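One structure is given here, and the rest of the page talks about it.
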Amino acid sequence: MDVVRKADEVRKIITYLPEEAGVYRNLSGWEYLEFMARFRTENRDETRGVVKEAAEICGLGDRLKDKAKTYSKGMKRRLLVARALMTKPKLAILDEPTSGLDVMHSYHVRAIIRRYVKEHGVTVLLSSHNMLEVEHICGKVALVNKGKIVAEGEPQELKHKYEGENLEDVFAKVVGFA
Amino acid sequence: MLKGFGNILIKELRELIRDPKILLGMIIVPLIMFPVLGAVMSFSMESATQQAQKATIVVIDNDRGNYSAIFIRNLNATLVRVFIVNETDPSKAVSDGILSRYNTTQLLMIPEGFSANVTQNLHINASTTTYVKIYSVFSGAGLFEGIGSSMVGSSVTSFNRYFAPDVVSARPSTIIRGHIEEGIDPNVLSTLMLSQAIAMPITIMILLTYSMQIAATSVAMEKEEKTLETLLTLPMDRFAILMGKLSGSIVVAGIGAITYMVGFNYYMGSFTSAIPTGSGVDLVSLGLTPSPLGYLLLGASLFVTLLSALALAVILSAFAEDVRGAQSLVGYVYPFLFVPSLLLMYIDVSALPLALRIAILAIPFSHPVIASRAVTMGDYWTAGLGIIYVTAFTLVIMYLASRLFATEKILTMKLRFRGLRKRGRTPAEEP
């Protein structure tokens, strides 16, 4: 499908989480999810189902009733990841889903992504500078240097090929600074 | 001395002075804005006074005696041109269109027995007085409306000063839409219409500035809080984002306008209740309040102007990176709101020189003020044409705004102060 010519069609089957995405400060987490869900659902029941799903994904519990301006950065990110996955898109593009998060929130976000891919067959295209995170979550990896793919394959395959202890090592060797 | 104070102060000044928005908004704009406003005010005053001085007056002399001739000579000394007509009945003179034939708004009638009464006052009984009747056309033209009839009034005073105190009194009446309203002083009427002359432009100014701020903030907030990027990836009509933003701003601004008008009405009411209205002037019975059609046109004019202002604010804020930037950009539109409103507060648009009149009419924000006057005077054409013009202007702006929202450029566009040029961020510049 041509993403430029058929942008409207493409938008229906993908979701996107920008690196610096924000939430509406004066909406509660629940209202935000409802607002986003309405663009992709047909009726009220379907919306409610999707939002319930998102509530479960993000695990924010009763805090979803509070306004988003009271959330920590990690809570906002969990809400946004849930937003990107709740409608089970064919492809979810997640740009640095854990950047700037503390250990607990990062752990939770990674767990969400892994579980969702496994349980619902959603394809996730994830971009990250954190090679350890990439190794932990991704089934297939493309290393990009100066805008070009320099190596591609499964994490184990790459580690074996470039004799690296982890993907960070592999990247350093491929790019040539190690 | 506080430790570190000087260092902080120098840093603050450097930062503030180097911010082009502050420099422009706080220093350059006021330096231009206030002289322009001053020029507008003095121009309005001067042109109203000049108009009155250049005034032509039509005189009906039903006395044709010595003193009426002296009175007319005295008028000639005060006013530039005095025309004496053969008609005897002021109502007939007005309905026959004599005033427009001589291009004047003032009619003076010297009653029969004027000279006899003045003679009696001077030689026999000082308590005998007489009068002249002054009829002035009321056009709802602004705060200086009464200057013309005041000039005639001062001519009566100078006549009295020459002969005897209070020998002649002026009895003012008003001509409204071609009908004489006996005993209605145009000055009292102007005072009563003050709330309209001032309230309407001020209300429109505040309503428009307030709603533009709301609209600009709402778009800039999406950019600042990084929610716009997500919004643009959703399967929805881009035009819906624009319309949603405009409609939301209209509702909030509308509520603001109603609250404001209620408050302002109360505020103005506290003034008008203090004005002595012994003449029993009633605006409703004089037909000087808008008809239902008038209100409808005024509402339509306000609505389309509001829409044009909001669409403009949305476009401008699309060029800003954050809320502060958007508010500064919208601030550049304010002179176009303030200058016409202030000018029209004092003077009628038809009294302006052609070039200035075209400039004022080209600014869409002038039209609700013009419409408010026009509908009060039953001139629905002026209001209607204004609505058509502002609607066309709004459609163009809305089209531009929708084109802007249809592209991804809205995420990266910004105005640079050096050269004021638009640019898109290239991938190489991405952090």
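None of the figures in this text is laboratory data; all of them are computed from the coordinates on show. Here the structure is a predicted model, which is why all the values come from computation and not from measurement. Every residue, glycine among them, receives a Cβ derived from its backbone with ideal geometry; neighbour counts consider all protein chains shown.
Here the spin labels are modelled as points 7 Å beyond Cα on the Cα-Cβ line, and at B:Asp166 and B:Ala39 they lie 4.9 nm apart.
For the listed peptides A:115-122, A:53-60, a ranking on the average number of other beta carbons within 10 Å per residue, highest first, reads A:53-60, A:115-122. Taking the Cα centre of the range A:1-140 as origin and assigning +1 to Lys and Arg Cβ atoms and -1 to Asp and Glu Cβ atoms, the resulting dipole is close to 200 debye. The modelled label-to-label distance for the pair A:Val144/B:Asp19, using points 7 Å beyond Cα in the direction of Cβ, is 3.5 nm. Of all lysines in the structure, those lying under 30 Å Cα to Cα from B:Lys3, and not within fewer than 8 positions of it along the same chain, are B:Lys11. Take each residue of peptide A:17-29, count the partner chain Cβ atoms within 10 Å of its Cβ, and average: the result is 4. Amide H contacts under 5 Å for A:Leu125: A:Ala92, A:Ile93, A:Leu94, restricted to partners 5 or more places along the chain or on a different chain, H placed in the peptide plane at 1.01 Å from N. Rounded to the nearest 0.05, what FRET efficiency do A:Asp102 and B:Leu231 give with R0 = 30 Å and r taken as the Cβ-Cβ distance? Could you check? E between A:Asp102 and B:Leu231, to the nearest 0.05, is 0.60.
Sequence-ordered 3J(HN,Hα) estimates for the range B:165-176 from the Karplus curve with 6.51, -1.76 and 1.60 and θ = phi - 60° stand at x, 6, 5, 10, 10, 9, 10, x, 9, 10, 9, 10 Hz, glycine and proline given as x.
Converting phi to 3J(HN,Hα) with the Karplus coefficients 6.51, -1.76 and 1.60 and the offset θ = phi - 60°, the range A:15-31 yields 10, 9, 10, x, 4, 10, 5, x, 10, 6, 4, 9, 9, 6, x, 4, 4 Hz in sequence order, with x at every glycine or proline. Within the shell of other residues whose beta carbon sits under 14 angstrom from the beta carbon of B:Ile180, the net charge comes to -2, with Lys and Arg scored +1 and Asp and Glu -1. Over 29 Å apart at the Cα level, from the set A:Lys67/B:Lys245; A:Lys88/A:Lys173; A:Lys73/A:Lys148, are A:Lys88/A:Lys173; A:Lys73/A:Lys148. Summarising the strand pairing of the protein assembly as shown, around 35 percent of its internal DSSP beta bridges are antiparallel. Karplus-based coupling profile of the range A:111-126, in residue order and whole Hz: 4, 4, 4, 4, 5, 5, 5, 5, 7, 10, x, 7, 8, 10, 9, 10, with θ = phi - 60° in 6.51 cos²θ - 1.76 cosθ + 1.60 and x standing for Gly or Pro. Database remark: amide H of B:Thr227 closer than 5 angstrom to the amide H of A:Gly22 (H placed geometrically; neighbours at sequence offset of 5 or more, or on other chains; Pro and chain starts carry no H).
Highest mobility in the GNM of chain A, judged by mean-square fluctuation with C-alpha springs under 10 Å and restricted to A:Lys88, A:Lys148, A:Lys67, is found for A:Lys148. Taking a ≥ b ≥ c as the square roots of the Cα gyration tensor eigenvalues, the range A:88-129 comes out oblate, since a/c reaches at least 1.5 and a/b does not exceed b/c. The alpha-carbon of A:Lys159 sits under 12 angstrom from the alpha-carbons of these aspartates and glutamates, leaving out residues fewer than 8 places away in its chain: A:Glu135, A:Glu168, A:Asp169. Taking amide hydrogens as placed 1.01 Å from N in the peptide plane, the amide H of B:Thr174 sits under 5 Å from those of B:Ser136, B:Glu181, B:Gly183, B:Ile184, each at least 5 positions away in sequence or on another chain.
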